[in-house]
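Take a look at the structure set out below.
The values are calculated or read from the model by the stated rules, or taken from the named source; none is laboratory data. None of these values were measured; they are calculated from a predicted model. Every residue, glycine as well, gets a Cβ built from its backbone with ideal geometry; the counts of neighbours run over all protein chains shown.
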Amino acid sequence: MDKYGLFGFPLGHSFSRKFFSDKFLRENIDAEYLNFEIPSIDDYLSTLDANPTLRGHNVTIPYKQQIIPFLDELTDEARAIGAVNVVRVSMLDGIRYLKGYNSDVIGFVNSLKPLLRPCHRKALILGTGGASKAVKYGLEQKLGMQTLYVSRTPKSGMITYDDVTAELIHEYSVIVNCSPVGMYPHVDECPLLPYDSMDDTTLLFDLVYNPEETLFMKRGAEHGAVVKNGLEMLVLQAMASWEFWNEK
């Protein structure tokens, strides 16, 4: 039986495992999807050794960038983004060959695109982790938007939450939350933003999908903002993962 899986730490509730397990059952595919919760990326190769029928896997926090040195090949897009969330495992002349992809950008762009209007030309990206790199690439390279990172701590080329003013919200009317703030069980938390300066031209996209409506989304919607969570993005990136694992 072929295996697929998810590498990360900690994993807790795994959308991917349920999605693929349901897919395999529904489509009568003889495969299983497992969670590989490894406390260090140094455990990666030994885990592959212990699972010789693993044909591919997803990658999540905190290994989307750390996994890159272990891979034999990256797609041009994954290299440009600087983060990998899909790995195809194959054999080449009897030797294991690992190819890294990024399906986050596919899921994000295809989920956000239907909501965009002519007024949406600039975007704030909240958080600076691996997912934010795919979001930045998608916004700039796929959608032609200008972006600005917002970080909790001062960093070169970024602003902090204290710098986000009402004027900035009006200029950067798309705001994408790539941080885990507001994720279950911390549902009473949200990024510190001037929500009362938002209106119906503001578009809030939250990569978090549990809870279904985060406080970030709720507070924006109270002032007329259009809001969307990350569930469709997850479904779309998972579908793309399957295509990558089975490409000819």
* Structure fact -> Apart from one, (1) touching a residue at least 40 places away in the same chain (Cβ under 8 Å); (2) in the same structural domain as D30 (by TED's automatic domain parsing); (3) within 24 Å of V235 (Cα to Cα) all hold for T47; the odd one out is (3)
* Residue list for the range 26-55, filter: aliphatic (A, V, I, L, M), loosely packed, with under 15 Cβ neighbours inside 10 Å and either within 23 Å of the chain's Cα centre (by Cα) or within 17 Å of V84 (Cα to Cα) (or both) -> L45
* To do: Could you list, in sequence order, all residues of the range 130-166 that are farther than 25 Å from T60 by Cβ and assigned to a loop (DSSP other than H, G, I, E, B)?
  => G144, M145, P154, S156, G157, V164, T165
* **Residue satisfying condition, being modelled with pLDDT of 95 or more and part of a strand (DSSP E or B), within set L204, L193** => L204
* **Members of the range 84-113 that are modelled with pLDDT of 95 or more, more than 18 Å from the chain's Cα centre (by Cα) and either surrounded by fewer than 16 Cβ atoms within 10 Å (Cβ to Cβ) or polar (S, T, N, Q) (or both)** => S90, I95, R96, Y97
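Would you please name the residue that is surrounded by the fewest Cβ atoms within 10 Å (Cβ to Cβ), looking only at residues in the range 155-197 that are among the polar types (S, T, N, Q) and within 17 Å of L231 (Cα to Cα)?
Our first condition is that a residue be among the polar types (S, T, N, Q); within the range 155-197, this holds for 156, 160, 165, 173, 177, 179, 197.
From what is left, the residues that are within 17 Å of L231 (Cα to Cα) are 177, 179.
Numbers: N177: 29, S179: 22.
Among those residues, the one meeting the criterion is S179.
Residue check: is V235 among the β-branched types (V, I, T) and either under 16 Å from the mean Cα position of the chain (by Cα) or assigned to a loop (DSSP other than H, G, I, E, B) (or both)? Lay out the reasoning, then the answer.
Working: among the β-branched types (V, I, T): yes; either under 16 Å from the mean Cα position of the chain (by Cα) or assigned to a loop (DSSP other than H, G, I, E, B) (or both): yes.
Yes; evaluated as a whole, the condition is true for this residue.
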* To do: Please work out which one of (1) modelled with pLDDT of 95 or more; (2) farther than 15 Å from F216 by Cβ is the condition V164 fails and give its number.
  => (2)
* To do: Among the residues of the range 16-44, write down those that are in contact with a Phe, Trp or Tyr (Cβ under 7 Å, 6 or more places away or on another chain), within 28 Å of P185 (Cβ to Cβ) and either of a type outside the set (S, T, Y) or free of Cβ contacts under 8 Å to residues at least 24 places away in the same chain (or both).
  => R17, F20, S21, F36, E37, I38, P39, I41
* Is one or more of the residues making up the range 102-122 more than 29 Å from E73 (Cα to Cα), touching a helix residue (DSSP H, G or I) at 6+ places or on another chain (Cβ under 6 Å), hydrophobic (A, V, I, L, M, F, W, C) and not assigned by TED's automatic domain parsing to the domain that holds G56? -> no
* Asked: Residues in the range 115-166 that are hydrophobic (A, V, I, L, M, F, W, C), out of contact with any strand residue (DSSP E or B) (no Cβ under 8 Å at 6 or more places or on another chain) and in contact (Cβ under 8 Å) with a residue 40 or more places away in the chain: how many?
  -> 3
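On the given criteria, is S173 under 22 Å from Y63 (Cα atoms), small (G, A, S) and under 22 Å from the mean Cα position of the chain (by Cα)? Step through it out loud before you land on a result.
Details: under 22 Å from Y63 (Cα atoms): no; small (G, A, S): yes; under 22 Å from the mean Cα position of the chain (by Cα): yes.
When the stated conditions are applied, S173 does not pass them.
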